[in-house]
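The structure appears below as structure tokens.
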Amino acid sequence: MEVAGSGLVGPVLAWYDAHARDLPWRRASASAWSVLVSEFMLQQTPVSRVLPVHEAWLARWPTPADLAAEPAGEAVRAWGRLGYPRRALRLHGAATAIRDRHGGAVPAEYDDLRALPGVGDYTAAAVAAFAHGRRHAVLDTNVRRVLARAVSGVEFPPRSVTRAERDVAEALLPADPPTAATWSVAVMELGALVCTADRPRCGSCPVGPACAWNTAGRPAYDGPPRPVQTYAGTDRQCRGRLLAVLRDAAGAVPESRLATAWDDEVQRRRCLESLLADGLAVRTGAGIALP
DNA sequence: CATGCGTGGGC
DNA sequence: TGCCCAAGCAT
């Protein structure tokens with residue numbers, strides 16, 4: 001019952017055993033909560049920036065109930081400059097749901113995890129596998145890129161996850177649940193350290209000749225161009241500036257003070273309203289504050 | 001299903 | 001120097 005690329009698993013597991021980074025949320029002593037927090041923080045944010053915030057977060061809130069006991073604004077403040085602060089709000093919401101619906105314990109079932117705010121397919125599978133040893137295919141951007149290259153022979157995966165990708169991931173997933181979980185983290189690590197988006201280190205890749213893309217001579221990507229993400233001058237940047245003022249203030253700030261953070265008044269007002277609508281800020285008698 | 005949502009580092 | 005990204009999610 002061979003599938004294309006089935007020769008990947010052994011070499012990747014051996015490589016991971018020798019090259020895995022020692023990350024706090026991967027240690028045997030790490031709680032499921034530590035894993036969940038790391039997965040929220042790692043959504044679109046590099047490991048190096050997550051490390052210090054994750055450490056401080058777990059020290060302050062060792063359990064979901066500890067976080068749920070505080071106002072959501074404290075989560076937004078502690079999130080600091082990790083970016084996409086709605087994740088902080090959702091993590092607080094997840095902690096509250098875990099306390100109220102799961103007796104304070106991070107659930108192990110995919111469906112229960114998936115129902116938490118801020119938890120999509122990837123995070124639910126990752127927490128089920130990495131925190132609880134469940135057998136789930138974990139399809140993140142790293143895994144998708146590795147499989148696109150090694151199995152499909154193309155440089156980059158499709159824009160969104162396809163049925164074909166899921167079938168490949170399922171076919172490769174080892175039958176033994178703990179081994180499946182290790183395989184998943186191992187192939188992610190390979191994508192993060194070796195099979196990178198740009199300048200992949202094929203010379204030191206354990207997959208070697210089993211990689212269809214490398215064997216084919218690493219043909220250039222010929223799919224649709226990926227959209228470039230602009231930032232300067234966007235509402236995202238404006239919202240970030242406004243929220244930074246709120247984070248750095250002890251309490252509410254007068255709305256006039258937000259003007260110092262962004263010149264364009266029309267855009268500034270629009271962004272403030274969107275922050276209020278998102279629940280990242282609230283109006284009080286004294287001005288604008290974190291929730 | 002395409003789009004909006006932060007931030008800082010590497011080349 | 002700009003440009004491109006880095007363990008996604010919700011709508």
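The values are calculated or read from the model by the stated rules, or taken from the named source; none is laboratory data. Quick caveat: nothing in here was measured; it's all calculated off a predicted structure. Note that each Cβ is placed from the backbone with ideal geometry, even for glycine, and that neighbours are counted across all protein chains shown.
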**OP:** Output the residues belonging to region A:242-272 that are within 19 Å of A:Pro291 (Cβ to Cβ) and either of a type in the set (S, T, N, Q) or in contact with a Pro (Cβ under 9 Å, 6 or more places away or on another chain) (or both).
**Re:** A:Leu243, A:Arg247
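With the condition being surrounded by 15 or more Cβ atoms within 10 Å (Cβ to Cβ) and in contact with a Lys or Arg (Cβ under 9 Å, 6 or more places away or on another chain), I'd like the helices (runs of 4 or more DSSP H) fully within region A:9-119 carrying at least 2 qualifying residues. Working first, answer last.
On the way: elements: A:9-19, A:32-42, A:47-60, A:64-68, A:72-79, A:86-101, A:110-114.
Answer list for region A:9-119: A:32-42, A:47-60, A:64-68, A:72-79, A:110-114.
When only residues in region A:232-268 that are in contact with an Asp or Glu (Cβ under 9 Å, 6 or more places away or on another chain) and at pLDDT 95 or above count, which is nearest to A:Arg81 (Cα to Cα)?
Residues of region A:232-268 that are in contact with an Asp or Glu (Cβ under 9 Å, 6 or more places away or on another chain), as a first pass: A:233, A:238-239, A:259, A:267.
Okay, now just the ones that are also at pLDDT 95 or above, so A:238-239, A:259, A:267.
Numbers: A:Cys238: 14, A:Arg239: 12, A:Ala259: 20, A:Gln267: 21 Å.
Here the answer is A:Arg239.
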**OP:** Select from region A:120-160 the residues that are near DNA strand C (Cβ under 9 Å from one of its atoms) and among the polar types (S, T, N, Q) and write down the one among them that is surrounded by the fewest Cβ atoms within 10 Å (Cβ to Cβ).
**Re:** A:Ser160
**OP:** Would you please list the contacts, defined by Cβ atoms under 8 Å and residues six or more apart or on different chains, that run from a residue in region A:114-136 that is among the polar types (S, T, N, Q) to a residue that is assigned to a helix (DSSP H, G or I) and within 6 Å of DNA strand C (Cβ to nearest atom)?
**Re:** A:Thr123/A:Glu39
**OP:** Find the residue count for region A:59-79, including only residues that are in contact with a helix residue (DSSP H, G or I) (Cβ under 7 Å, 6 or more places away or on another chain) and over 23 Å from A:Leu243 (Cβ atoms).
**Re:** 3
Original post:
Just a yes or no: is a residue in region A:172-185 surrounded by fewer than 18 Cβ atoms within 10 Å (Cβ to Cβ), at pLDDT 95 or above and under 23 Å from A:Ala220 (Cα atoms)?
Top reply: no
**OP:** Scan (1) under 19 Å from the mean Cα position of the chain (by Cα); (2) closer than 23 Å to A:Leu23 by Cα for the single condition A:Ala115 breaks and write down its number.
**Re:** (2)
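What residue, of A:Thr234, A:Thr230, is within 16 Å of DNA strand C (Cβ to nearest atom), among the hydroxyl-bearing types (Ser, Thr, Tyr) and exposed (fewer than 10 other Cβ atoms within 10 Å of the Cβ)?
Numbers: A:Thr234 fails: exposed (fewer than 10 other Cβ atoms within 10 Å of the Cβ).
Going through A:Thr234, A:Thr230 in turn, just one is within 16 Å of DNA strand C (Cβ to nearest atom), among the hydroxyl-bearing types (Ser, Thr, Tyr) and exposed (fewer than 10 other Cβ atoms within 10 Å of the Cβ): A:Thr230.
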Subject >> Selection within region A:200-232 - over 25 Å from A:Ser160 (Cβ atoms) and among the charged types (D, E, K, R) >> reply: A:Arg201
Original post:
Could we say that A:Ser274 is in a helix (DSSP H, G or I), within 14 Å of DNA strand B (Cβ to nearest atom) and among the hydroxyl-bearing types (Ser, Thr, Tyr) here?
Top reply: yes
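Taking the conditions exactly as written (within 30 Å of A:Glu155 (Cα to Cα), within 11 Å of DNA strand B (Cβ to nearest atom), within 25 Å of the chain's Cα centre (by Cα) and touching a residue at least 40 places away in the same chain (Cβ under 8 Å)), does A:Ala232 satisfy them or not? Before you say what the answer is, go through the steps one by one.
Details: within 30 Å of A:Glu155 (Cα to Cα): yes; within 11 Å of DNA strand B (Cβ to nearest atom): yes; within 25 Å of the chain's Cα centre (by Cα): yes; touching a residue at least 40 places away in the same chain (Cβ under 8 Å): no.
The answer is no for A:Ala232.
Let's see how each residue does on (1) of a type in the set (A, V, I, L, M); (2) more than 16 Å from the chain's Cα centre (by Cα):
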residue	(1), (2)
A:Ala105	yes, yes
A:Tyr122	no, no
A:Ala128	yes, no
A:Asn142	no, no
A:Gly153	no, yes
A:Arg163	no, yes
**OP:** Could you tell me which residue of region A:197-215 is farthest from DNA strand C (Cβ to nearest atom), considering only residues that are in contact (Cβ under 8 Å) with a residue 40 or more places away in the chain, surrounded by fewer than 19 Cβ atoms within 10 Å (Cβ to Cβ) and within 26 Å of A:Arg226 (Cβ to Cβ)?
**Re:** A:Thr215
**OP:** Inspect region A:84-92 for any residue being near DNA strand C (Cβ under 9 Å from one of its atoms), farther than 24 Å from A:Pro52 by Cα and free of Cβ contacts under 8 Å to residues at least 60 places away in the same chain and give the result as yes or no.
**Re:** no
